[in-house]
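Novice: Can you keep this structure in mind? I'll have questions shortly.
The values are calculated or read from the model by the stated rules, or taken from the named source; none is laboratory data. Bear in mind the structure is a predicted one, so any value in this text is a computation, not a measurement. Here the Cβ is made from the backbone with ideal geometry for all residues, glycine too, and neighbour counts use every protein chain on show.
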Amino acid sequence: MSSNFVKGLEGLVVAQTALSRVEGQMGRLTYRGYAIHDLARQATFEEIAYLFWQGELPTRAQLDDLKMQLAHARMVPPNVMQLARQLPKEADPSDALRTLVSALGAGKPLQKPDLSEAMMLTAQVPVLLAAFHRARTGAEFIPPRGDLDHTANYLYMLSGEMPTPAQSKALNVYLILLADHGLNASTFAARVIASTLTDLYACITGALGALKGPLHGGAPSRVIEMIEKIGTKENADAWMREAFARKERLMGFGHRMYKAEDPRAEILRELARETADPALFDLAFNVEATALRLLHESKPAERIYTNVEFYSAVILHSVGLPKDMFTPTFAVSRMVGYTAHILEQLADNRIMRPDAEYIGPAPRVVKKIEDR
Ligand code: COA
């Protein structure tokens, strides 16, 4: 029997969205019609959040109001703060965040996700991460500061020091660029879960589980590890050829959708050129050039380019984040996309229930246990 099975669901349209548009052949990404380049240059993360949640960019008054609401929503319940302190110090922060988001939902009655809950959870994710990170390093928790915006407050809570304007700018651009990206694996997971009419915490817990995989949001820490292992630009060619021989993938390259350069990679490369340590940027730039040359040599038909994760890693390293905080910091940004997709799904919901082509044995008879 033939079926329409498509491995990896490639090219299948399983939802409609008015949020972001990925035009992979042209290397174009827009949020509600606005080009990502313009938004990265002219907007803040909070403006992007408003755009996704409300449909339009905010006026000054609307933005001030949203910032105030997010700042007020940062108060995490004491039992969840206590759990953040009790988790094993060696836990991966992505796992800690997933557990703490799930804990936030425990004990709450089943409630249909709404915008105020979406804002609250978005505001609390950086607090949860900072609480866990401070506890695992034996440092005191630093309460959020209501006068700081989402980006600066996150960096401040992690280190206890005010970020420089350059650090805040770099992380703000990163958070804008990662906020949404069509039906990527974790957003798809969030929409599938939402379609069952469960609560927001269940949807986000599932999405975070999908995000941490190395083929998705787990790539950037591995990018920095790769750059560190390569060590010098002269070593890049030999190191990568050995990686190919071991059948390893080069992290930070390739994308299901983009068959041209990922526009986010281009913006992050220029940002890294401006803000990263020049020696690190130079090494990363040379590693990238070698990787592209070898990938095009070995897979000429695939059109593999740099993806968003390569220079994300350089930026996140430059603003002082430890490697294992890269993926959960991706989640700080993607919370906006997840919640907007969940609300969009629920506005016109039908439970997601695809089919599987059965390829197991033909019907057969159950034998008694002594006859098997
Ligand atoms: N390094 C080496 N080879 C790669 C590669 C990479 N980064 N990305 C793709 N390829 C190769 C695959 O090995 C495959 O070749 P094969 O058919 O001979 O095995 C071919 O290109 C097609 O790859 P495929 O896995 O079918 O593409 P996809 O659309 O399913 O995968 C990714 C997209 C992102 C999962 C893939 O490019 C990848 O694994 N990248 C590295 C991880 C990463 O950076 N993830 C972050 C994504 S934003």
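Novice: Quick check: anything in region 233-251 at negative phi and in contact with a Phe, Trp or Tyr (Cβ under 7 Å, 6 or more places away or on another chain)?
Specialist: At the first step, the residues of region 233-251 found to be at negative phi are 233-246, 248-251.
Still in the running and in contact with a Phe, Trp or Tyr (Cβ under 7 Å, 6 or more places away or on another chain): none.
No: zero hits.
Novice: Oh, and also: Looking at region 262-372, what helices (runs of 4 or more DSSP H) fall wholly within it and have at least 1 residues that are closer than 23 Å to ILE227 by Cβ and within 17 Å of the chain's Cα centre (by Cα)? Full working, then the answer.
Specialist: Values: elements: 263-275, 278-298, 308-318, 326-347.
Where helices (runs of 4 or more DSSP H) fall fully within region 262-372 and carry at least 1 residues being closer than 23 Å to ILE227 by Cβ and within 17 Å of the chain's Cα centre (by Cα), they are 263-275, 308-318, 326-347.
Novice: I'd like to verify a number: residues in region 157-182 that are outside any helix (DSSP H, G or I) and crowded, with 18+ Cβ neighbours inside 10 Å, how many?
Specialist: Restricting attention to region 157-182, the residues satisfying the condition of being outside any helix (DSSP H, G or I) are 160-164, 178-182.
Now drop any that are not crowded, with 18+ Cβ neighbours inside 10 Å, which leaves 163, 178-182.
Qualifying residue count for the region: 6.
Novice: Checking PHE326 against (1) within 12 Å of the ligand (Cβ to nearest atom); (2) at pLDDT 95 or above; (3) out of contact with any Pro (no Cβ under 8 Å at 6 or more places or on another chain), which test does it fail?
Specialist: Status for PHE326: all satisfied but (3).
Residue-wise test of (1) within 18 Å of MET335 (Cα to Cα); (2) touching a Gly at 6+ places or on another chain (Cβ under 7 Å).
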| position | (1), (2) |
| --- | --- |
| PHE5 | no, no |
| ALA18 | yes, no |
| GLN25 | no, no |
| ARG32 | yes, yes |
| ALA40 | yes, no |
| GLU47 | yes, no |
| PHE52 | yes, yes |
| ASP64 | no, no |
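Novice: Just to verify a result, which residue in region 205-231, among those that are buried (at least 22 other Cβ atoms within 10 Å of the Cβ) and under 12 Å from the mean Cα position of the chain (by Cα), is nearest to the ligand (Cβ to nearest atom)?
Specialist: Taking the candidates together, the pick is ALA219.
Novice: Next question. Kindly provide the set of residues from region 241-261 that are more than 20 Å from the chain's Cα centre (by Cα) and near the ligand (Cβ under 9 Å from one of its atoms), ordered by number.
Specialist: Quick first cut of region 241-261, residues more than 20 Å from the chain's Cα centre (by Cα) only: 241-248, 259-260.
Within region 241-261, ALA243, PHE244, LYS247, GLU248 meet the criteria.
Novice: Sticking with this structure for a sec: Might you let me know whether region 82-94 holds any residue that is among the small types (Gly, Ala, Ser), part of a helix (DSSP H, G or I) and within 24 Å of ALA219 (Cα to Cα)? Reasoning before the result, please.
Specialist: Taking region 82-94 and keeping what is among the small types (Gly, Ala, Ser), we get 84, 91, 94.
Imposing the further condition that a residue be part of a helix (DSSP H, G or I) reduces the set to 84, 94.
Now narrow it down to the ones that are within 24 Å of ALA219 (Cα to Cα): 94.
Checking region 82-94: at least one residue is among the small types (Gly, Ala, Ser), part of a helix (DSSP H, G or I) and within 24 Å of ALA219 (Cα to Cα).
Novice: How about region 290-322: which of its residues are surrounded by fewer than 17 Cβ atoms within 10 Å (Cβ to Cβ) and either in the same structural domain as ASN184 (by TED's automatic domain parsing) or away from the ligand (no atom under 14 Å from the Cβ) (or both)?
Specialist: From region 290-322, those surrounded by fewer than 17 Cβ atoms within 10 Å (Cβ to Cβ) are 292-293, 296-303, 320, 322; that's our starting set.
Matches in region 290-322: GLY320, PRO322.
Novice: Here are some conditions: (1) part of a helix (DSSP H, G or I); (2) farther than 23 Å from ALA194 by Cβ. ALA118 meets all but one. Which one does it not meet?
Specialist: Condition (2) is where ALA118 drops out.
Novice: To continue, here is another question. For region 228-264, enumerate the residues that are of a type in the set (A, V, I, L, M) and either without any contact (Cβ under 8 Å) to a residue 40 or more places away in the chain or under 14 Å from ARG293 (Cα atoms) (or both). So that I can check it myself, show each step before the final result.
Specialist: Kept after step one, since they are of a type in the set (A, V, I, L, M), are these residues of region 228-264: 230, 236, 238, 240, 243, 245, 250-251, 257, 260.
Selection gives ALA236, ALA238, MET240, ALA243, ALA245, LEU250.
Novice: Another question, then. Collect the residues in region 349-372 that are surrounded by 10 or more Cβ atoms within 10 Å (Cβ to Cβ) and among the aliphatic types (A, V, I, L, M), keeping them in residue-number order. Give the derivation first.
Specialist: Applying the first criterion (surrounded by 10 or more Cβ atoms within 10 Å (Cβ to Cβ)) to region 349-372 yields 349, 352.
Selection gives MET352 alone.
Novice: Please find, among ALA260, ALA238, ALA245, the residue that is more than 20 Å from PHE326 (Cα to Cα) and touching a Gly at 6+ places or on another chain (Cβ under 7 Å).
Specialist: On the way: ALA238 fails: touching a Gly at 6+ places or on another chain (Cβ under 7 Å); ALA245 fails: touching a Gly at 6+ places or on another chain (Cβ under 7 Å).
One residue alone meets the criteria, ALA260.
Novice: Name every residue in region 257-304 that is at pLDDT 95 or above and among the polar types (S, T, N, Q), in order of residue number.
Specialist: Those that are at pLDDT 95 or above and among the polar types (S, T, N, Q): ASN286, THR290.
Novice: Further question: Is it the case that GLU46 is within 20 Å of GLY146 (Cα to Cα), surrounded by 20 or more Cβ atoms within 10 Å (Cβ to Cβ) and under 17 Å from the mean Cα position of the chain (by Cα)? Before the answer, list the steps.
Specialist: Working: within 20 Å of GLY146 (Cα to Cα): yes; surrounded by 20 or more Cβ atoms within 10 Å (Cβ to Cβ): yes; under 17 Å from the mean Cα position of the chain (by Cα): yes.
It is true that GLU46 is within 20 Å of GLY146 (Cα to Cα), surrounded by 20 or more Cβ atoms within 10 Å (Cβ to Cβ) and under 17 Å from the mean Cα position of the chain (by Cα).
Novice: Within region 284-341, work out how many residues are farther than 24 Å from VAL192 by Cβ and among the polar types (S, T, N, Q).
Specialist: The first filter runs over region 284-341 and keeps only residues farther than 24 Å from VAL192 by Cβ, leaving 284-306, 310-326, 329.
So of that shortlist, the ones also among the polar types (S, T, N, Q) come out as 286, 290, 298, 306, 312, 318, 329.
So the answer is 7.
Novice: Now a separate question. Checking the conditions here, which among VAL22, VAL6 is within 16 Å of the ligand (Cβ to nearest atom), among the aliphatic types (A, V, I, L, M) and in contact with a strand residue (DSSP E or B) (Cβ under 7 Å, 6 or more places away or on another chain)? I'd like the intermediate steps shown before the answer.
Specialist: Values: VAL6 fails: in contact with a strand residue (DSSP E or B) (Cβ under 7 Å, 6 or more places away or on another chain).
None of the others qualify; the one that does is VAL22.
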